[in-house]
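For reference, the structure discussed in these notes is given below.
The values are calculated or read from the model by the stated rules, or taken from the named source; none is laboratory data. Not measured: the values here are computed from a predicted model. Backbone-built Cβ (ideal geometry, glycine too); neighbour counts: all protein chains shown.
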Amino acid sequence: MLRKQLKQIFTKQSSVGILLVFMVIVALVWANSPLAHIYHDLWKTKISINVGGFLVDETLHHWINDFLMAYFFFMVGLEIKREFIDGQLSSFKQAILPISGAIGGMIFPALIYLIFNWSSDGINGWGIPMATDIAFAIGLLALVGNAISKNAKTFLTALATADDIGAILIIAFFLSSNVDTGNLLAAVVYFVIMLVSNFIGVRNTWFYFIVGVFGLWVALLLSGVHATLAGVLVAFCIPGRTRIDEDKYIERIKSRISKFGNSNYRPGPLVAENQVEIVQDIISDSKATLTPLQRLEENIKPFVNYFVLPLFALSNAGITIKGDFWESLAHPISIGIITALVIGKLLGISLISRLIVKSKLGTLPNDVTWNDLTGLGLMAGIGFTMSIFIAELSLENDALLQIAKIGILVGSLISACLGIAWLTLNAKRKKL
C-alpha cells in the first residue's frame, strides 16, 4: 500500500516542481540564517579521486555541477532524441512551430539582456535568460490542472526541448575555453565508438554507461569542453529501435503464457524449472520490445528529478543577501535577466509563433488558443536550472554571479505566478 502511494506521488508531474520550490526555499533560508557558514562550507568540501595517477580534485559544488548534472543532460538528451524519433519534433509540420517559438524565446531575451548590459561587466551573461527550466515549468504547469489542454502541455514540452538544444549549443560553443585538442579528439573517438556500436546493434546499456562515463565524460572534462555535454552526446548514441515489433511481441507473449499455464503445477513457493525458463523468455521479449532509450529514460527520471535537480537547487540557490538587496535587484544584470525572462520570453515566443502561423508554415495544435500560448510564453520564463547553470559558467565574478542568481529567482518567480494566474483566469473565461 505504501509503495503504491509513493509511486503515485513520484509519478505526478507537479511533485517535481513543488520539490524544487521547497529546496530553493530551504537553500535561501539556510544561506541567510546563523548557520550560513555551514551551508557555504559544505559545498566547498573537497572530494578527490585518484586512480593510477589520474586525479580529479574538485569541491562538492563542482562535483554536483560537473558530474551529477551530466545525468540531467543525459535525460534531456534522451527526451530530445525521443521527440525527434516519435514526438512533437518528428516531422517538419509538427516541429516548425515549437522550434521557431523556442528560437524567438532565445533571441529576444538575449537581446533584452544585452540592452541592459552592453557596456557592463556582465555582458558575458547574455545566455542566462535564454533557457527554460523544463522540470520546473512542466511541474508547476501541472498545478493548473484542467485549466490547460494536454496538447498545450505537449507543446510546452516540445518548445522547452527545442530550447534545451539551444542552451546546449551555447554551452558547447561559447562557454567552453582553453580546449585541449588531444583530449577533445579522444572524446570524439569514444563518441564514434558508441555511434558505431548503436549502428551494429549493441543494446547493452552498461556498455554505453562505461564508455560514456569513463571514456567520453573524462575526456571532455580534461579537454576543457564542459563535461556535462557528455550526457547529451551519450544519449544521442542510445539505440531507439525495437528488436521485436508489437504484433510479434503480443503473439509471443500469448504463446508463452499458454505454455506457462499448461505446465505441470508444482506446489510450494517456487515455480517449476520449465516455468522459470518461460518467465525468463517473457522478460527477454519484453526488453527486446522496449527500446534501450525508453528503458533508460524511465529508469533515470526518478534519480534526476528527485535527487540530482533538488541537490542542484539546494547547492546553487542559497544566496546570502549581503548589503542592500534592492540595490542588487536594481543592478543591470538582475534587471536584464528579470525583464528578459518575463517579457523577452513572452514576446519572442508569441511574435514568432504568430509569424509562423500567419505565413501558413505551421498551425497551432488542436485545443490550443492564442491565449493559451500567452500563458505558455509566461511559463517558459521559468529559467531556474539551465539559467543558473549558464550563469555559473559565464560569470566568474562571485558578486556578479550572486546578482544574476537573484535576477533568475525573481524573474522565474514572476513568470511562474503570472503564467499560472493567466492560464487559470483564461480557463474561467472559456467556461463563461
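Could you check how many residues of the stretch 364-402 are outside any helix (DSSP H, G or I), crowded, with 19+ Cβ neighbours inside 10 Å and not hydrophobic (A, V, I, L, M, F, W, C)? Full working, then the answer.
Step one: list which residues in the stretch 364-402 are outside any helix (DSSP H, G or I), which gives 364-369, 380-383, 395-397.
If we keep only those that are crowded, with 19+ Cβ neighbours inside 10 Å as well, we get 365, 368, 380-383, 395.
Of the ones still in play, those that are also not hydrophobic (A, V, I, L, M, F, W, C) are 365, 381, 383.
The qualifying residues number 3.
Annotation: Ala235 fulfils all but one of (1) out of contact with any Lys or Arg (no Cβ under 9 Å at 6 or more places or on another chain); (2) part of a helix (DSSP H, G or I); the unmet one is (1). Of the residues screened, Ala110 is not one that is among the hydrophobic types (A, V, I, L, M, F, W, C) and within 27 Å of Glu298 (Cα to Cα). Looking only at the stretch 99-156, residues that are among the hydroxyl-bearing types (Ser, Thr, Tyr) and either modelled with pLDDT under 80 or surrounded by 24 or more Cβ atoms within 10 Å (Cβ to Cβ) (or both) come to 4 in all.
Checking the structure you have, find out if any residue of the stretch 205-213 is closer than 30 Å to Phe22 by Cα and crowded, with 21+ Cβ neighbours inside 10 Å. Steps first, please.
Start the filter on the stretch 205-213 by keeping residues that are closer than 30 Å to Phe22 by Cα, which leaves none.
No, every residue in the stretch 205-213 fails to be closer than 30 Å to Phe22 by Cα and crowded, with 21+ Cβ neighbours inside 10 Å.
Screening Lys44 on (1) modelled with pLDDT of 90 or more; (2) loosely packed, with under 13 Cβ neighbours inside 10 Å; (3) more than 18 Å from Gly318 (Cα to Cα) shows it passes everything except condition (3).
Is there a residue being within 20 Å of Phe116 (Cβ to Cβ), out of contact with any helix residue (DSSP H, G or I) (no Cβ under 9 Å at 6 or more places or on another chain) and either in the same structural domain as Leu111 (by TED's automatic domain parsing) or assigned to a helix (DSSP H, G or I) (or both) anywhere in the stretch 339-361? Checking the stretch 339-361: not a single residue is within 20 Å of Phe116 (Cβ to Cβ), out of contact with any helix residue (DSSP H, G or I) (no Cβ under 9 Å at 6 or more places or on another chain) and either in the same structural domain as Leu111 (by TED's automatic domain parsing) or assigned to a helix (DSSP H, G or I) (or both).
Per-residue answers, yes or no, for (1) in a helix (DSSP H, G or I); (2) modelled with pLDDT under 75; (3) of a type in the set (Phe, Trp, Tyr); (4) assigned by TED's automatic domain parsing to the domain that holds Phe312:
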residue	(1), (2), (3), (4)
Ile9	yes, yes, no, no
Val21	yes, no, no, yes
Val24	yes, no, no, yes
Ala27	yes, no, no, yes
Trp30	yes, no, yes, yes
Pro34	no, no, no, yes
His37	yes, no, no, yes
His40	yes, no, no, yes
Asn50	no, no, no, no
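The requirement of being under 20 Å from Asp66 (Cα atoms) and at pLDDT 85 or above is fulfilled nowhere in the stretch 195-206; no residue meets it.
Residues that are at pLDDT 80 or above, surrounded by 15 or more Cβ atoms within 10 Å (Cβ to Cβ), within 22 Å of the chain's Cα centre (by Cα) and within 26 Å of Leu89 (Cβ to Cβ) do occur in the stretch 176-192. The criterion of at least 1 residues that are polar (S, T, N, Q) is met, among helices (runs of 4 or more DSSP H) falling completely within the stretch 61-180, by 92-117, 150-174. Leu425 passes every criterion in (1) in contact (Cβ under 8 Å) with a residue 24 or more places away in the chain; (2) over 18 Å from the mean Cα position of the chain (by Cα); (3) more than 21 Å from Thr59 (Cβ to Cβ) apart from (1). In the stretch 296-314, the residues that are closer than 18 Å to Thr205 by Cβ and free of Cβ contacts under 8 Å to residues at least 60 places away in the same chain form Cβ pairs under 9 Å with partners that are part of a helix (DSSP H, G or I) and of a type in the set (Val, Ile, Thr), at six or more places apart or across chains, as follows: Asn299/Thr205. Restricting attention to the stretch 51-100, report how many residues are hydroxyl-bearing (Ser, Thr, Tyr), within 30 Å of Leu364 (Cα to Cα) and touching a Phe, Trp or Tyr at 6+ places or on another chain (Cβ under 7 Å). Count: 1.
Between Asp121, Asp164, which is within 26 Å of Ile403 (Cα to Cα) and under 24 Å from the mean Cα position of the chain (by Cα)? Full working, then the answer.
Working: Asp121 fails: under 24 Å from the mean Cα position of the chain (by Cα).
None of the other options fit; the residue is Asp164.
Can you tell which of Ile420, Ile408, Ile319 is surrounded by fewer than 20 Cβ atoms within 10 Å (Cβ to Cβ), hydrophobic (A, V, I, L, M, F, W, C) and closer than 23 Å to Gly139 by Cβ? Before you say what the answer is, go through the steps one by one.
Details: Ile408 fails: surrounded by fewer than 20 Cβ atoms within 10 Å (Cβ to Cβ); Ile319 fails: surrounded by fewer than 20 Cβ atoms within 10 Å (Cβ to Cβ).
Step by step, each of Ile420, Ile408, Ile319 is checked, and only Ile420 is surrounded by fewer than 20 Cβ atoms within 10 Å (Cβ to Cβ), hydrophobic (A, V, I, L, M, F, W, C) and closer than 23 Å to Gly139 by Cβ.
Listed conditions (1) within 28 Å of Glu392 (Cα to Cα); (2) out of contact with any Phe, Trp or Tyr (no Cβ under 9 Å at 6 or more places or on another chain) are all met by Ala187, apart from (2).
Take the conditions (1) in a helix (DSSP H, G or I); (2) more than 27 Å from Leu409 (Cα to Cα); Arg203 misses just one of them, which is (1).
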